[in-house]
Amino acid sequence: MAGSLQSMTTSKGVPTFIGGGAPLQVVCSTASDHQAIAVSGELDRETTPRLATVLHRAIAEAPERIELDLSGVTFMDSQGLRILLEAKRRAGDDIEIVVTETSAQVERLLHTTGVADVLGLASR
């Protein structure tokens, strides 16, 4: 169903959001100078609003750096790219947003579209 997300919590208390495809899990941790956000599942039209909310909150807390681990992302479409670019724009020059890890599919997409350079992802 378009625009709907169902939320459930796993036995370990990790929020899982189920949209059109695989569940989306977003796990955040905070250190003194940065926030780490690990994402797994599918980033598509149904699930990207959850990541957008997490990124907006992280930016509002104004850490020096936000590190994104996308190694668990099995699918990303243009909506996922849009959310990443929007977060980078919102962060401006004050907060560094970098992708630290990716799955092969996401890495290919980020390099093909040029977003890898914007988010500081080095070629492997």
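The values are calculated or read from the model by the stated rules, or taken from the named source; none is laboratory data. The model shown is predicted, which means the values in this text are computed figures rather than measured ones. All Cβ positions, even for glycine, are placed from backbone atoms using ideal geometry, and neighbour counts span all protein chains on display.
Looking only at segment 42-78, filter to residues that are among the small types (Gly, Ala, Ser) and over 12 Å from the mean Cα position of the chain (by Cα); which one of those is surrounded by the most Cβ atoms within 10 Å (Cβ to Cβ)? Before you say what the answer is, go through the steps one by one.
First, pick out the residues of segment 42-78 that are among the small types (Gly, Ala, Ser): 52, 58, 60, 62, 71-72, 78.
Add one more test, that the residue is over 12 Å from the mean Cα position of the chain (by Cα), and what stays is 60, 62, 78.
Details: 60: 8, 62: 10, 78: 12.
Looking at residues that are among the small types (Gly, Ala, Ser) and over 12 Å from the mean Cα position of the chain (by Cα), I get 78.
Mind checking which residues of segment 79-105 are over 20 Å from residue 33 (Cα atoms), aliphatic (A, V, I, L, M) and surrounded by 14 or more Cβ atoms within 10 Å (Cβ to Cβ)?
Scanning segment 79-105 gives 81, 83, 84, 85.
Inside segment 48-81, can you point out the residues that are part of a loop (DSSP other than H, G, I, E, B) and not hydrophobic (A, V, I, L, M, F, W, C)?
Initially, segment 48-81 is screened for residues part of a loop (DSSP other than H, G, I, E, B), giving 61-64, 77.
Once the filter is applied, which keeps residues that are part of a loop (DSSP other than H, G, I, E, B) and not hydrophobic (A, V, I, L, M, F, W, C), segment 48-81 yields 61, 63, 64, 77.
How do the pairs read when you match residues in segment 37-64 that are farther than 9 Å from residue 26 by Cβ and free of Cβ contacts under 8 Å to residues at least 60 places away in the same chain with residues anywhere that are surrounded by fewer than 22 Cβ atoms within 10 Å (Cβ to Cβ) and of a type in the set (Asp, Glu), using Cβ under 6 Å and keeping only pairs 6 or more apart or on different chains?
44/77; 64/33
Tell me yes or no: at least one residue of segment 106-122 is under 14 Å from the mean Cα position of the chain (by Cα), outside any loop (DSSP other than H, G, I, E, B) and touching a residue at least 40 places away in the same chain (Cβ under 8 Å).
Taking every residue of segment 106-122 in turn, none turns out to be under 14 Å from the mean Cα position of the chain (by Cα), outside any loop (DSSP other than H, G, I, E, B) and touching a residue at least 40 places away in the same chain (Cβ under 8 Å).
Take segment 9-41 and flag every residue that is among the β-branched types (Val, Ile, Thr), surrounded by 17 or more Cβ atoms within 10 Å (Cβ to Cβ) and modelled with pLDDT of 85 or more.
Residues satisfying the conditions are 26, 37, 39.
Would you be able to tell me the number of residues in segment 106-124 that are over 17 Å from residue 34 (Cβ atoms) and touching a strand residue (DSSP E or B) at 6+ places or on another chain (Cβ under 8 Å)? Talk me through it step by step, then tell me what you get.
Start the filter on segment 106-124 by keeping residues that are over 17 Å from residue 34 (Cβ atoms), which leaves 106-118, 122-124.
Right, trim to touching a strand residue (DSSP E or B) at 6+ places or on another chain (Cβ under 8 Å) and you get 106, 109-110, 116.
Summing the residues that are over 17 Å from residue 34 (Cβ atoms) and touching a strand residue (DSSP E or B) at 6+ places or on another chain (Cβ under 8 Å) in segment 106-124 gives 4.
Quick check: is even one residue across segment 67-74 out of contact with any Ser or Thr (no Cβ under 8 Å at 6 or more places or on another chain) and touching a residue at least 12 places away in the same chain (Cβ under 8 Å)? Spell out the reasoning first.
Keep residues of segment 67-74 that are out of contact with any Ser or Thr (no Cβ under 8 Å at 6 or more places or on another chain), which gives none.
Looking for residues that are out of contact with any Ser or Thr (no Cβ under 8 Å at 6 or more places or on another chain) and touching a residue at least 12 places away in the same chain (Cβ under 8 Å), one finds none in segment 67-74, hence no.
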